[in-house]
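Below is one structure, written out as structure tokens, with a few remarks after it.
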Amino acid sequence: MLEDQVTYLLQRYLGNYVLGLNRETLKISVWKGDVELTNMQLKPEALNSLNLPVKVKAGFLGSVKLKVPWSRLGQEPVLVYLDHIFILAEPATQVEDLSEDAVQEAKKSRVMEIEAKLVERLHQKKSEMVSYLISIRK
């Protein structure tokens with residue numbers, strides 16, 4: 001039952017990036033707060049949203065390990081460890097016509113966009129957690 005819930009949440013957040021996310025690839029040690037995914041295949045289109053000057057042909061993640069403080073969730077961070085990341089990429093054809101400065105500027109603006117979205121999501125999740133904790137205490 002816990003595996004199903006964790007699998008659902010991981011599929012929701014990691015499903016756009018990896019293939020083969022299922023219960024068989026998931027190992028959980030509830031008391032330690034460890035979640036481990038092994039031998040995951042990266043979706044080739046997963047990094048396309050970053051507008052990098054490369055096209056990902058294939059990718060592989062040896063393991064993704066999460067340290068989840070189950071008893072203090074929301075008060076302590078969830079740590080994510082990635083190990084054995086292999087990516088096969090080729091130059092993107094659309095970038096060939098751009099100057100190096102234009103490519104660097106595009107990368108910089110894209111990173112700033114992503115950072116802003118991540119900060120916004122963090123604030124949203126934090127307020128959701130506060131609301132949830134307040135509702136539990138009532």
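Quick notes on this one:
- Lys55 long-range amide H proximity, modeled H, under 5 Å: Glu90, Ala92
- Peptide ranges 115-128, 46-59 listed from the most packed, as the mean C-beta count within 10 angstrom indicates: 46-59, 115-128
- Using the alpha carbons alone, the radius of gyration of the chain stands to its Kirkwood radius in an Rg to Rh ratio of 1.05.
- Residue-averaged [θ]222 nm for the chain, counting only DSSP H segments that reach four residues, each worth -39500 (n - 2.57): -13000 deg cm²/dmol
- Largest first, the three principal axis extents of the alpha carbons in the range 98-138 are 59, 8, 6 Å in whole numbers.
- The range 98-138 - charge dipole about Cα centre, Lys and Arg +1 at Cβ, Asp and Glu -1, debye rounded to 20: 520
- Segment Lys126-Leu66, length gained on full extension (0.36 nm per residue, minus Cα span): 19.7 nm
- Here the extension length gained between Val54 and Ala116 equals 20.0 nm, from 0.36 nm per residue of separation less the Cα-Cα distance.
- For the range 107-120, 3J(HN,Hα) per residue [Karplus equation, 6.51 cos²θ - 1.76 cosθ + 1.60, θ = phi - 60°, Hz, x = Gly/Pro]: 4, 4, 5, 5, 4, 5, 4, 5, 4, 5, 5, 5, 5, 4
Just so you know, all these numbers are worked out from the coordinates, no wet-lab data involved. It should be emphasised that the depicted structure is a prediction, and the values quoted were computed from it without experimental measurement. Using ideal geometry, Cβ is built from the backbone for each residue, glycine included, and neighbour counts are taken over all protein chains shown.
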